[in-house]
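First up is the structure itself, then whatever we jot down about it.
The numbers here are math on the coordinates, done by the rules we state, and not lab data. Quantities reported herein were computed from a predicted structural model and do not represent experimental measurements. Quick reminder, even Gly has a Cβ in these numbers, built from the backbone with ideal geometry, and neighbours come from all protein chains shown.
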Amino acid sequence: MPPDQRVVVVGATGAVGLEALRILADLGLHSSRVAALASPRSAGTSVPFGTGCIPVHNAETFDWLGTGLALLCADAHTARRLAPVALRVGATVVDNSSAFRLDPAVPLVVPEINGHLLEDHPRLVANPNCSTIILLVALEPLRRACGVSAISVATYQAVSGAGLAGLDALHAETLAAASGLPPARAPDSPFAEPCAFNVFSHDSPIGPDGLNGEERKMIDESRRIWDRPDLPVSPTCVRVPVARAHTQAITVQLSRDASEEQVRAALARAPGVRVLDDRAGNRFPTPLHATGADEVLVGRIRPDPATARDAAGRCRRWCLLASADQLRKGAALNAVQIGRALRLIPGIGGPGGPARGRTGLTMAVE
Ligand SMILES: NC(=O)c1ccc[n+]([C@@H]2O[C@H](COP(=O)([O-])OP(=O)(O)OC[C@H]3O[C@@H](n4cnc5c(N)ncnc54)[C@H](OP(=O)(O)O)[C@@H]3O)[C@@H](O)[C@H]2O)c1
């Protein structure tokens, strides 16, 4: 990226945008090289960047000239409107919304899996749905080692998956319940049900096939990223009273038998995966372990007890528990990794230079 260009974060006041700014600051990007944009509602406020703050500009009136990379962290409608504006001034766009994910002309990228799609230097890249990223990063090492023929997954999704409004609802409802009030939905909650002390089917709309929007995304996007249009994927997506980081109970059917040693070895050396599987201590992936981490945590690694094992103990169906910070690897970090792979985010020492902070993975996938 030319030295006078900047990284623009749209939706900088939201859950994903704030995380993107945190990661950019951790990478050592100077505040003069980043611009924070949001709706007219937030124009004139400021957001944290590193040890200071930067102003929030109105995305409607912003002068986009000099933008090298635009990280869109707003809703799909805003993305459809602003992506062409950024592209017109020569910027590259990475979009976190669902606007372009199924557009055949737009690559849908998880760097650890299909980062080669960035070699053509696409100008518009879609960031997959958070649950899809977490699922596929956990399973990619097994796919490479043995092939994957089917996936069944149940999700336990944090309220911040619905943005800052989801977090606010959880806090307000928890405080109300702690003060003795009966569980009730907060007035401004994005959810139809109370989220504190409750578990409910994912808040996305249900289609005629009975799948909710999140489940449909996991199916469609997994098939697209792995280029397996017929891959059987059977998800059930559920919201739980967790602030941040999604958890998934996964059963995967491999194309070939594998031993537990093979499964563990594949996961242990995979980029973007950290195995947390302490049977003696009963310590496995949790949202609290995953919060703030770059990797997808994987544990509870075991053969499906309902499947046949051969004399050597090998089998095809394996059960895993995964947990990952959906605001980092499920959104902002994946987008920043794409920007870095495209050489559009300078770290200390210029593009591709060494980063500081905790984003070690950001380097590992370049
Ligand atoms: N949350 C997650 O875990 C997650 C994971 C993966 C992908 N995503 C996707 O990432 C995007 C952002 O999600 P979020 O959770 O960060 O939502 P959020 O917390 O509700 O934040 C939304 C952001 O979009 C901004 N915005 C709204 N209308 C705008 C406009 N007309 N022009 C410019 N900015 C506008 C908001 O600005 P104001 O503050 O001014 O309203 C705010 O900064 C969504 O597309 C979401 O589907 C979210």
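Go through region 1-26 and report how many residues are part of a loop (DSSP other than H, G, I, E, B), more than 15 Å from the ligand (Cβ to nearest atom) and buried (at least 18 other Cβ atoms within 10 Å of the Cβ). If you could, list the steps in order and put the result at the bottom.
First pass over region 1-26, keeping only residues part of a loop (DSSP other than H, G, I, E, B): 1-5, 11-14.
Retained after the next criterion (residues that are more than 15 Å from the ligand (Cβ to nearest atom)): 1-5.
From the residues that got through so far, the ones that are buried (at least 18 other Cβ atoms within 10 Å of the Cβ) too are 1.
Residues flagged as part of a loop (DSSP other than H, G, I, E, B), more than 15 Å from the ligand (Cβ to nearest atom) and buried (at least 18 other Cβ atoms within 10 Å of the Cβ) within region 1-26 amount to 1.
Which of the residues belonging to region 109-137 are part of a helix (DSSP H, G or I) and either closer than 14 Å to residue 331 by Cβ or hydroxyl-bearing (Ser, Thr, Tyr) (or both)?
Applying the first criterion (part of a helix (DSSP H, G or I)) to region 109-137 yields 111-120, 130-137.
Listed by number, the residues that qualify are 111, 130, 131, 132, 133, 134, 137.
Test each condition in (1) more than 14 Å from the ligand (Cβ to nearest atom); (2) touching a residue at least 60 places away in the same chain (Cβ under 8 Å); (3) not in a loop (DSSP other than H, G, I, E, B) for residue 29 and report the one that comes out false.
(3)
Check region 113-120 and report whether any residue there is crowded, with 20+ Cβ neighbours inside 10 Å and within 15 Å of the ligand (Cβ to nearest atom).
No, every residue in region 113-120 fails to be crowded, with 20+ Cβ neighbours inside 10 Å and within 15 Å of the ligand (Cβ to nearest atom).
Could you check, for region 123-130, whether at least one of its residues is surrounded by fewer than 19 Cβ atoms within 10 Å (Cβ to Cβ) and more than 20 Å from residue 248 (Cβ to Cβ)? Spell out how you get there, then give the answer.
Keep residues of region 123-130 that are surrounded by fewer than 19 Cβ atoms within 10 Å (Cβ to Cβ), which gives 123.
Next, from what is left, pick out any that are more than 20 Å from residue 248 (Cβ to Cβ): 123.
Within region 123-130, one or more residues are surrounded by fewer than 19 Cβ atoms within 10 Å (Cβ to Cβ) and more than 20 Å from residue 248 (Cβ to Cβ).
Hey, can you tell me all the residues within region 51-68 that are in a loop (DSSP other than H, G, I, E, B), closer than 19 Å to residue 40 by Cβ and either near the ligand (Cβ under 7 Å from one of its atoms) or not polar (S, T, N, Q) (or both)?
Pass one, region 51-68, residues in a loop (DSSP other than H, G, I, E, B): 51, 59-66.
Remaining after also requiring closer than 19 Å to residue 40 by Cβ: 59-64.
Of everything in region 51-68, those that are in a loop (DSSP other than H, G, I, E, B), closer than 19 Å to residue 40 by Cβ and either near the ligand (Cβ under 7 Å from one of its atoms) or not polar (S, T, N, Q) (or both) turn out to be 59, 60, 62, 63, 64.
For residues that are among the small types (Gly, Ala, Ser) and more than 10 Å from the ligand (Cβ to nearest atom), scanning just region 157-179, find the one that is surrounded by the most Cβ atoms within 10 Å (Cβ to Cβ). Break it down stepwise before answering.
Residues of region 157-179 among the small types (Gly, Ala, Ser): 158, 160-163, 165-166, 169, 172, 176-179.
Those left that are additionally more than 10 Å from the ligand (Cβ to nearest atom): 169, 172, 176-179.
Numbers: 169: 22, 172: 18, 176: 16, 177: 15, 178: 9, 179: 7.
It comes out as 169.
Got a number for residues in region 58-102 being in contact with a Leu (Cβ under 6 Å, 6 or more places away or on another chain) and basic (Lys, Arg)?
Of the residues in that region, 1 qualify.
This table checks each residue for (1) within 10 Å of the ligand (Cβ to nearest atom); (2) not in a helix (DSSP H, G or I).
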| residue | (1), (2) |
| --- | --- |
| 70 | no, yes |
| 81 | yes, no |
| 86 | no, no |
| 98 | yes, yes |
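Please pick out the residue among 106, 94 that is crowded, with 24+ Cβ neighbours inside 10 Å, within 16 Å of the ligand (Cβ to nearest atom) and not in a helix (DSSP H, G or I). If you could, list the steps in order and put the result at the bottom.
On the way: 106 fails: crowded, with 24+ Cβ neighbours inside 10 Å.
Only one candidate qualifies: 94.
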